[in-house]
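The values are calculated or read from the model by the stated rules, or taken from the named source; none is laboratory data. This is a predicted model, so every value here is computed, not measured. Here Cβ is always computed from backbone atoms with ideal geometry, including for glycine, and neighbour counts include all displayed protein chains. Heavy atoms of the whole protein, side chains included, go into the accessibility calculation; ligands, DNA and RNA do not. Shrake-Rupley method; radii C 1.70, N 1.55, O 1.52, S 1.80 Å.
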Amino acid sequence: MEKSVTLTIMGKVSKHIPDDILFSILSKLSLKSLNRFKCVSKSWSMLFKNPCFMRIYRDHIIHRNHSDHDDNDDASLILRHIVQAPRELQISLYLVSGDNFENKVKLDTPLPSQELGQKIIIVGIVSINGILCLTSMVVADRKVVLWNPATDELKVIPPSPVEYITSFRIFFLPQIHGFGYDGVKDDYKVLRYVQYNQFGISYEHVRWNKRSYEPSWEIYREVTRGGNLILKCLC
Amino acid sequence: MAQEASSSTSSKTISLKTGDGEIFEIEASAAKQMKTVQRLIDDLGDDITIPLHNVFSKELPKIIEYYKKDITGEITKDFEAEFVKDLNDDEVKVLFLAANYLDANKLFEFLSQNIADRLESKSVEYVRKYFGVENDFTPEEESKLREERAWSFRGIKEDE
């Protein structure tokens with residue numbers, strides 16, 4: 001009975017919606033629905049691995065967040081819920097949004113502990129367009145990554161060239177100041193500083209170009225005892 | 001001669017003929033918003049009745065209504081809500097496909113968002129039927145997937 005109602009136009013039954021226009025609809029769904037609809041069929045379960053779909057999905061999120069919203073919608077807060085069970089810590093991640101943080105969506109994908117170990121810090125406790133910036137509490141690692149829990153994509157940010165320049169470098173936990181999205185340059189920014197001698201602090205700007213995945217560095221400002229120097233270095 | 005054409009386009013109407021043989025009038029400026037129609041006008045001229053084989057008399061008036069509002073700049077959220085209020089999910093889908101065929105971008109984007117909104121509360125079975133997708137999972141595979149993402153099923157009414 002349903003079949004005769006669905007799309008019978010002048011006797012022609014056409015049920016098939018081509019992929020590209022299907023993606024226009026799916027890209028506007030919430031993460032919750034997208035995850036649920038992975039159960040629709042095998043090809044739907046591979047949606048997040050489909051570069052064509054991901055392109056449309058990302059574009060939609062970015063445009064939605066930067067269009068007519070007064071409030072800062074592009075960042076969602078992360079809630080890390082830690083339960084001390086006997087013998088282990090249970091950690092669940094939630095994306096929260098809404099005026100009173102009433103919308104809580106649990107992130108299924110576990111944190112990438114193979115890359116970063118167990119002691120993971122979420123920079124800024126924030127998710128920008130669904131992407132998290134993570135680093136490890138373990139100094140020896142000094143790794144910073146950008147991670148997308150929806151697709152489990154991980155990009156390691158390479159160490160800054162500044163770290164290799166001077167012999168006065170102090171071995172230091174990477175101090176990540178912030179993680180955000182630059183709407184002007186259409187790129188993500190990770191801000192961190194590296195102390196490389198007793199008197200100087202430099203602020204570094206990492207641009208992670210989400211399209212080419214080639215991180216480039218820009219030294220934002222260098223302050224030395226003698227005065228201010230502005231250094232720009234793009235690699 | 002060029003000047004003559006430009007002064008008359010503002011009030012010029014184009015005739016559109018649906019796949020089931022009915023004819024509707026639309027203003028030239030509204031026709032511009034439907035790239036498929038505009039392309040046909042460019043090829044065939046604007047004096048001829050433009051044939052639209054894949055759009056039918058049930059949908060076209062609704063589409064024309066939308067673009068009539070659009071050229072006066074009056075499309076508001078309220079208008080859009082009213083526009084789809086009495087349409088069921090299948091009717092919206094047909095309209096959506098027609099907007100795609102006509103390459104009417106604004107309507108297409110609006111309807112795709114409306115369909116997405118309608119699907120937020122729907123079950124997996126409903127979506128399969130809606131898009132005519134075959135379930136190619138084994139029962140074991142499917143129940144494993146559902147278990148893994150149980151959180152995404154919370155609050156969703158299952159069909160049947």
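Structural remarks
- In the stretch B:93-116, the residues that are of a type in the set (A, V, I, L, M), open to solvent by less than 30 Å² (accessible area, probe 1.4 Å) and facing another protein chain (nearest Cβ under 8 Å): B:VAL94, B:ILE115, B:ALA116
- Output for the stretch B:134-149, where each listed residue is at pLDDT 85 or above and open to solvent by 70 Å² or more (accessible area, probe 1.4 Å): B:GLU134, B:ASP136, B:PRO139, B:GLU140, B:GLU141, B:LYS144, B:GLU147
- For the stretch A:25-43, filtering for residues that are within 7 Å of another protein chain (Cβ to nearest Cβ), outside any loop (DSSP other than H, G, I, E, B) and either of a type in the set (D, E, K, R) or over 14 Å from B:ILE156 (Cβ atoms) (or both) leaves 5.
- The single condition from (1) facing chain A (nearest Cβ under 9 Å); (2) within 16 Å of the chain's Cα centre (by Cα); (3) charged (D, E, K, R); (4) in a helix (DSSP H, G or I) that B:LYS58 fails is (4).
- Flag for B:SER152 being more than 7 Å from chain A (Cβ to nearest Cβ), open to solvent by less than 20 Å² (accessible area, probe 1.4 Å) and more than 30 Å from B:TYR67 (Cβ to Cβ): no
- When the stretch B:117-147 is filtered for residues that are at the interface with another protein chain (Cβ under 7 Å from one of its Cβ atoms) and in a helix (DSSP H, G or I), the ones remaining, listed by number, are B:LEU119, B:VAL124, B:VAL127, B:ARG128, B:LYS129, B:PHE131, B:GLU142, B:LEU145, B:ARG146.
- Condition check for B:ASP90: assigned to a helix (DSSP H, G or I), open to solvent by less than 50 Å² (accessible area, probe 1.4 Å), at pLDDT 90 or above and acidic (Asp, Glu): yes
- Applying the criterion of being open to solvent by 70 Å² or more (accessible area, probe 1.4 Å) and not in a strand (DSSP E or B) to the residues of the stretch B:7-28, the residue that is modelled with the lowest pLDDT is B:SER7.
- Scanning the stretch B:29-55 for residues that are open to solvent by 50 Å² or more (accessible area, probe 1.4 Å) and assigned to a loop (DSSP other than H, G, I, E, B) yields B:LYS32, B:GLN33, B:ASP46, B:ASP47, B:ILE48, B:THR49, B:HIS53, B:ASN54.
- Beta carbons closer than 7 Å, at least 6 apart along the sequence or on distinct chains, pair a first residue in the stretch B:71-85 that is open to solvent by 60 Å² or more (accessible area, probe 1.4 Å) with a second that is assigned to a helix (DSSP H, G or I) and not hydrophobic (A, V, I, L, M, F, W, C) for B:ILE71/B:SER29.
- Lone unmet requirement of (1) touching a helix residue (DSSP H, G or I) at 6+ places or on another chain (Cβ under 8 Å); (2) at the interface with chain A (Cβ under 8 Å from one of its Cβ atoms) for B:ILE63: (2)
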